[in-house]
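J.: Here it is: the structure, laid out below.
The values are calculated or read from the model by the stated rules, or taken from the named source; none is laboratory data. No experiment lies behind these values; they were computed from the predicted model shown. Neighbour counts run over all protein chains shown; Cβ positions are idealised from the backbone, glycine included.
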Amino acid sequence: MNLFDWSFLNYEFMQRAFLAVIAMSLFAPILGVFLILRRQSLMSDTLSHVSLAGVAFGVVLGLSPTLSTILIVLVAAVFLEYLRTIYKNFMEIGTAILMSTGLAVSLIIMSRAGGRSGVSLEQYLFGSIVTISQEQVLSLFVIAAVILILTVLFLRPMYILTFDEDTAFVDGLPVRAMSIAFNMVTGVAIALMIPAAGALLVSTIMVLPASIALRIGKSFRTVILIGMAIGFVGMLAGLIVSYYGETPASASITLLFIGIFLLVNAIYKLKK
Amino acid sequence: MRYITVEDLEFHYDNEPVLENIHYHLDSGEFVTLTGENGAAKTTLIKATLGILKPKYGKITISEKSIRGKKLRMAYLPQQIASFNAGFPSTVYEFVKSGRYPRQGWFRRLTKHDEEHIKASLDSVGMWEHRDKRLGSLSGGQKQRAVIARMFASDPDIFILDEPTTGMDSGTKEDFYRLMHHSAKKHGKSVLMITHDPEELKDFADRNIYLVRNQHSPWRCFNVHGQDQEVAHESL
């Protein structure tokens, strides 16, 4: 395989996958940085599991799975914030409850629907970046644009909110409203990423590039920019590896990110 | 000028009263310490005063204007905030700069005056030369000084401090107390500081609010002037 051989882009499905990688790398690591710093890394997993229930509802009710997923995830995002406030010292309780609920509901609904829907839960569980449609790619760019604009506009308030919520409150920020809005935007982003990344691996794309960037970057902005760069390189490399190695794309991307994560940590250990 | 008035405050955790019948006030130009045994709900009292926690009963009045006739601004230094967020990805300068946002508006470009204020804040705690370092790479005492510099950068009218000198050596502590005393006496700022060591502050603080456990369980707030413990609530 030639490193400069980009002939895989001659295929339309690979072009779409390539565009999806660009779109996701523009927003997933940004959300990942905030999720990690707010100690909500597991929230991406929770919302992706809840997304499956959204897919299942969509199938049963004859709605677009994307639309039903967004609706369900929005409700879950608000509910998560509520659980976070009542279990302030045990935030992961809410995450665990909602994650199991999402998966259980989706399994029951899909089993009741049987095979008549033509939609298998598996394709949402594992996703496939090479089978996504043009509309799905477009929706990824739309959410990327929304998140980039919000990040530029609200970087300063989000910086304080992620540092410490009490400080943010005394600084006059609407902490609760911002947290809910952040959860909702994250929820919609996850719902739109599910077809490409799969519910089980969507958190990888958000959290791993961000965690690597947190190791490397010095300032808040550089961490976000490094996260985006790592997200892009990792996903693109994973896509190429999966194409030539005929391996599942999201799994290849995940393992590549883990490889980069281990490498960066090893380098930092040796430097010390 | 009266900045904060707390009347008959009662706070419950899970229906269990932890603060009851609390009265206190804070004026401009005052340096007040808040002391009490471990677990006396000192932090809870501060958080309830600031509105972070919702009290069950009571009235909290915070002046809208400062002595300069401008919008009253408060800064809060939570307990051990520096060690809690040790890995936060930020340079010291970036962090201290964020203290200016609430004052200058969250979406406005910082002016030269802001930059000067940030530098002065870093200088005041001896952190200017560390401004490009990452917060996580600092020692415990340096982190605490960075957090204090951010608070100074925000130029508040009221400083609410929860054990702010944790991790500092005795010399730095005394410098800090002197700085807070100067802020109160020369610039009319108010200081409310939780401390475990009121002895250290006896030359700087005007008075002390002491939280003591009542025999019948709830924590009650009593005002202690020097060694004379008044079994009465602070006069309003």
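J.: Taking residue B:60 as meeting all but one of (1) outside any loop (DSSP other than H, G, I, E, B); (2) in contact (Cβ under 8 Å) with a residue 24 or more places away in the chain; (3) facing chain A (nearest Cβ under 10 Å), write down the number of the exception.
T.: (3)
J.: Another question, if that's okay. Residue by residue through the stretch B:123-138, note down the ones that are closer than 10 Å to residue B:95 by Cβ and in a helix (DSSP H, G or I).
T.: Residue satisfying the conditions is B:135 alone.
J.: Residues A:199, A:145: which one is modelled with pLDDT under 95, within 17 Å of the chain's Cα centre (by Cα) and not β-branched (Val, Ile, Thr)? Give the steps one after another, and end with the answer.
T.: Numbers: A:145 fails: modelled with pLDDT under 95.
Answer to the selection: A:199.
J.: Just checking, does the stretch B:70-77 include any residue being away from chain A (no Cβ under 11 Å) and closer than 20 Å to residue B:4 by Cα? Working first, answer last.
T.: Going residue by residue through the stretch B:70-77, those that are away from chain A (no Cβ under 11 Å) are B:70, B:72.
Add one more test, that the residue is closer than 20 Å to residue B:4 by Cα, and what stays is B:70, B:72.
The answer is yes, given that some residue of the stretch B:70-77 is away from chain A (no Cβ under 11 Å) and closer than 20 Å to residue B:4 by Cα.
J.: So how many residues does the stretch B:132-144 have that are out of contact with any strand residue (DSSP E or B) (no Cβ under 7 Å at 6 or more places or on another chain) and not polar (S, T, N, Q)?
T.: Narrowing the stretch B:132-144 to residues out of contact with any strand residue (DSSP E or B) (no Cβ under 7 Å at 6 or more places or on another chain): B:135-144.
Next, from what is left, pick out any that are not polar (S, T, N, Q): B:135-136, B:138, B:140-141, B:143.
Residues that pass the stated criteria total 6.
J.: Being more than 20 Å from residue B:72 (Cβ to Cβ) and buried (at least 16 other Cβ atoms within 10 Å of the Cβ) is the filter here, so list the residues in the stretch B:101-113 that pass it.
T.: none
J.: Determine if the stretch A:232-243 includes at least one residue that is over 17 Å from residue A:44 (Cα atoms), within 14 Å of another protein chain (Cβ to nearest Cβ) and touching a residue at least 40 places away in the same chain (Cβ under 8 Å). Spell out the reasoning first.
T.: Narrowing the stretch A:232-243 to residues over 17 Å from residue A:44 (Cα atoms): A:232-243.
Next, from what is left, pick out any that are within 14 Å of another protein chain (Cβ to nearest Cβ): none.
No: zero hits.
J.: Of the numbered conditions (1) within 17 Å of the chain's Cα centre (by Cα); (2) modelled with pLDDT of 90 or more; (3) more than 7 Å from chain A (Cβ to nearest Cβ); (4) outside any loop (DSSP other than H, G, I, E, B), residue B:95 fails exactly one; give the number of that condition.
T.: Only one criterion is unmet by residue B:95, namely (1).
J.: Looking at the stretch B:158-188, which of the residues that are of a type in the set (Val, Ile, Thr) and either in a loop (DSSP other than H, G, I, E, B) or away from chain A (no Cβ under 14 Å) (or both) is farthest from residue B:48 (Cα to Cα)? Write out each step before concluding.
T.: Quick first cut of the stretch B:158-188, residues of a type in the set (Val, Ile, Thr) only: B:158, B:160, B:165-166, B:172.
Adding the requirement that they be either in a loop (DSSP other than H, G, I, E, B) or away from chain A (no Cβ under 14 Å) (or both) leaves B:165-166, B:172.
Details: B:165: 22, B:166: 22, B:172: 30 Å.
Looking at the filtered set, the residue picked out is B:172.
J.: Which of the residues spanning the stretch A:159-180 are at the interface with another protein chain (Cβ under 7 Å from one of its Cβ atoms) and within 25 Å of the chain's Cα centre (by Cα)?
T.: At the first step, the residues of the stretch A:159-180 found to be at the interface with another protein chain (Cβ under 7 Å from one of its Cβ atoms) are A:159-160, A:163-164, A:166-167, A:169-172.
Listed by number, the residues that qualify are A:159, A:160, A:163, A:164.
J.: For the stretch B:78-92: of the residues being more than 9 Å from chain A (Cβ to nearest Cβ) and buried (at least 18 other Cβ atoms within 10 Å of the Cβ), which is farthest from residue B:133 (Cα to Cα)? Steps first, answer last, please.
T.: Taking the stretch B:78-92 and keeping what is more than 9 Å from chain A (Cβ to nearest Cβ), we get B:79-80, B:82-83, B:86, B:92.
This time we only want the ones that are buried (at least 18 other Cβ atoms within 10 Å of the Cβ), so: B:82, B:92.
Working: B:82: 15, B:92: 6 Å.
Among residues in the stretch B:78-92 that are more than 9 Å from chain A (Cβ to nearest Cβ) and buried (at least 18 other Cβ atoms within 10 Å of the Cβ), the one farthest from residue B:133 (Cα to Cα) is B:82.
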